[in-house]
Amino acid sequence: MSMIKTTLAEQAYQELRSRIVSGRLAGGQRLLPNELAADLGISPTPVKEACLRLEADGLLVNSARRGMVVRSLNQDDVEELYAARVLIEKGAVEAAFDAGRIDGALHARLSESLANHRRYAGGTSLDDLAMALSHDRAFHSTLVGAAHIPMISDMHARIIGQTHTVFVSIPGDYSRSVKEHQDILDAVAAGRKEQIVAALLLHLDRSRQNTLREVKVLAQATEPSLL
């Protein structure tokens, strides 16, 4: 019984997480366990367990008045998340390089992620953007994973999932990031630590600035009219 329960909770968690990071569940949206359970065809208990995990991931917040709500990020949240990403990704890349894991095999995996990313990054639909972000996460997760530190990889997955919920709220041109990922890939091919770190930090800073702009647009769009 417990194994079935755990499996259902994991399935609910993966499905709801996918809906949040793909924009199908938008920031500020209230989640009702009974309705979600009916939609997923399971009982409310595993859904509630999944929601608690998503709260721990920073994707949901527990409101006293509204219950579980999809988290909406503000500018301070964005600054904090990107500060964490810089520390994690820079440190992971440096550790991987020093361990000799920035090699041809890693370059091949990054190239595959970038090729998939490029396929969708020019699109303007929510589906295109969700797919582009999925491959964006794969690229960065591959870089971080090269350090072979599972705890860091798990933390990074939670953080990057939070930052990407902003972009799915306002579909737009996402092709800029492809060029920046290519610069990182070229640095990996060159095999120079300083070049890899510089390309990565430049990309993260531009991504931070872009995310802050998106958050401002969202805030303006949701401000109550005074007319």
Checklist entry - Given a 1.4 Å probe and every protein chain left where it sits, what share in percent of the accessible area of the range 82-174 is carbon and sulfur? => result 57 percent
Next on the checklist: Rounding to the nearest 10 and keeping the result within 0 to 90°, find how far the Cα-based axis of helix 104-121 lies from the longest principal axis of the chain.
Outcome noted: 50 degrees
Item to check | Unit charges at the beta carbon, dipole of the chain: most positive-side option, S43, G191, I88 | outcome: S43
Checklist entry - Tell me, what is the per residue accessible area of the chain in Å², probe radius 1.4 Å? => result 52 Å²
Item to check | Percent of alpha-carbon pairs separated by more than 23 Å within the range 18-142 | outcome: 50 percent
Checklist entry - Relative to the first principal axis of the alpha-carbon coordinates of the chain, what is the inclination of helix 193-222, with its axis defined by its Cα atoms, in degrees from 0 to 90 and to the nearest 10? => result 30 degrees
Item to check | Relative contact order %, the chain, counting alpha carbon pairs below 8 Å whose residues are six or more apart | outcome: 23 percent
Checklist entry - How large is ³J(HN,Hα) for each residue in the range 31-38, as worked out from phi by the Karplus curve 6.51 cos²θ - 1.76 cosθ + 1.60 (θ = phi - 60°), to whole Hz, x for Gly and Pro? => result 10, 9, x, 5, 5, 5, 4, 5
Checklist entry - For helix 75-98, what angle does its Cα long axis make with the longest principal axis of the chain, in degrees from 0 to 90 and rounded to 10? => result 40 degrees
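The values are calculated or read from the model by the stated rules, or taken from the named source; none is laboratory data. Since the structure is predicted, the reported quantities are computational estimates derived from the model, not experimental observations. In this analysis, Cβ positions are derived from the backbone assuming ideal geometry, glycine residues included, and neighbour counts consider all displayed protein chains. Surface accessibility is based on the protein's heavy atoms, side chains included, excluding ligands, DNA and RNA. Shrake-Rupley method; radii C 1.70, N 1.55, O 1.52, S 1.80 Å.
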